[in-house]
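Structure, as structure tokens:
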Amino acid sequence: MTDHQGSYSEAELDGLAAAAREKIGGLRTRVLRKANGALPYDYIVPSGVYEEQWDWDAFFVGLHLISHDRADGVYLRNWCLNFLRYTEPDGQTPGGIRPWAGRDARLYHIKPLMGQAAFYASAALGDFGWIAPVWDKMAACVTYRERKMSDAVTGLVKWWDGLESGADNNAVLVRRYHNSMAAADVNAFMVLDYRAMAEIAAKLGKAAEAAAFKERAARLAAAIQTHLWVDEAPIYSDYDAVERVLARNVTYSDMVPLWAGLASPEQGRAMIERHVLQPRELWSPYGIRSLAADDPAYNNENVIKPYSNWQGPIWPHANWMFMHALMRYGYRPEALDVAVRVTRLCLADLERNGMMHENYHGDTGAPLAAPDFISWNLLVAQMIDEARSGVFLPDPALTLWKT
């Protein structure tokens with residue numbers, strides 16, 4: 001859809017990419033912390049008032065760090081080891097750790113990222129051996145959601161609640177029962193985690209476990225296609241396992257299967273054309289919205305308590321994922337547009353306000369919640385470089401996305 005594409009000179013792109021690497025990437029040291037109290041390994045925080053290790057803040061920051069220097073894979077390794085310290089015998093693992101108090105019960109169970117974090121750390125460091133002593137605990141953590149939070153009818157896994165998902169007030173998760181929503185994002189993340197565990201098991205010489213995790217990934221991917229893909233929409237939707245209905249909002253979570261590469265080429269293109277590139281839905285002059293603009297719940301309220309707003313605003317790390325999704329399904333010019341728009345957004349915030357924010361207004365680009373926020377928005381430092389090269393820099397030969 002060429003009407004969405006900007007026109008950029010090579011010199012302009014070179015300048016934006018260099019500014020992003022310097023001005024955004026240069027802030028990375030502000031999110032690093034030394035081992036402290038209940039966190040026995042050096043770790044990552046969102047800068048500002050936070051001193052906790054949060055599951056996906058630190059995961060996405062870790063991906064940025066290894067794109068800059070593979071030796072920084074140590075932080076994703078530490079991410080795993082810090083969380084595994086609090087894994088219960090049945091595999092239940094909190095999604096946050098406070099240095100002064102240990103497990104943070106607000107996030108019931110860690111997001112499906114443990115296998116991926118271990119895989120990326122090991123690929124960056126060229127060392128999978130550190131996983132062998134913690135393999136059993138890691139496997140228990142990764143499979144906990146399947147054993148304790150899955151739907152027997154569909155085979156899909158579920159979020160405990162919106163806060164656990166990270167997309168706090170996602171329109172498909174608000175006012176739902178606990179442990180009820182088999183959303184598209186949690187299932188797509190889970191497929192990637194299973195694939196990562198299969199790769200790790202193979203590296204460790206655990207052939208039977210590698211085959212079992214590979215089979216888990218294939219079975220869940222098939223369940224996603226059967227129960228969440230809505231051909232006439234066309235979109236991945238979210239399933240309420242209590243009410244036995246699909247929630248038909250067009251949200252951030254429905255796009256995650258595209259980032260995971262789960263859609264066929266035909267499905268991916270149909271979904272992107274119908275929903276992602278439509279200004280009345282997700283496409284904004286400032287990036288890709290977190291909820292379709294024509295949804296009755298759409299808003300850009302500046303809130304962070306009691307939750308952050310995922311009902312419209314532009315989230316930089318989500319746009320990094322969706323940029324890669326666009327590339328994966330053949331939309332390279334549009335992916336570059338997203339990279340340029342979000343890069344300009346964050347650089348303008350730094351220039352005007354001396355800081356970045358957690359999210360941005362989906363219609364005006366105005367900074368919203370969490371001033372002086374440095375976390376997953378560090379990924380913006382690499383967006384233009386990755387859009388131009390067409391690869392995910394931490395591992396251009398990445399196998400987790402193969403369908």
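The values are calculated or read from the model by the stated rules, or taken from the named source; none is laboratory data. Remember, predicted model here, so these are calculated numbers, not experimental data. Methodologically, a virtual Cβ is constructed for each residue, glycine included, from the backbone with ideal geometry; neighbour enumeration extends over all protein chains shown.
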Top-ranked residue in region 348-397 [being surrounded by fewer than 24 Cβ atoms within 10 Å (Cβ to Cβ) and of a type in the set (S, T, N, Q); ranked as farthest from Ala124 (Cα to Cα)]:
Thr364
Extreme residue, nearest to Asp295 (Cα to Cα), among residues of region 219-262 that are surrounded by 18 or more Cβ atoms within 10 Å (Cβ to Cβ) and of a type in the set (Ser, Thr, Tyr):
Thr251
Please find, among Arg269, Arg289, the residue that is of a type in the set (D, E, K, R) and buried (at least 21 other Cβ atoms within 10 Å of the Cβ).
Arg289
Would it be correct to say that Asp14 is over 24 Å from the mean Cα position of the chain (by Cα) and at pLDDT 95 or above?
yes
Can you spot a residue in region 86-104 that is part of a helix (DSSP H, G or I), surrounded by 18 or more Cβ atoms within 10 Å (Cβ to Cβ) and in contact with a Gly (Cβ under 8 Å, 6 or more places away or on another chain)?
no
Would you say Ala297 is part of a helix (DSSP H, G or I), aliphatic (A, V, I, L, M), in contact (Cβ under 8 Å) with a residue 60 or more places away in the chain and over 22 Å from Arg28 (Cα atoms)?
no
If you go through region 332-354 one residue at a time, do you hit one that is in a loop (DSSP other than H, G, I, E, B) and in contact with a Gly (Cβ under 7 Å, 6 or more places away or on another chain)?
no
What number goes with the only condition from (1) crowded, with 24+ Cβ neighbours inside 10 Å; (2) basic (Lys, Arg); (3) assigned to a loop (DSSP other than H, G, I, E, B) that Arg280 does not pass?
(1)
Quick one: which residue in Gly261, Gly268, Gly205 is on the phi > 0 side of the Ramachandran plot and modelled with pLDDT of 95 or more?
Gly205
What helices (runs of 4 or more DSSP H) completely inside region 174-273 contain at least 1 residues that are out of contact with any helix residue (DSSP H, G or I) (no Cβ under 8 Å at 6 or more places or on another chain) and either acidic (Asp, Glu) or under 22 Å from Gly330 (Cβ atoms) (or both)?
207-227, 265-271
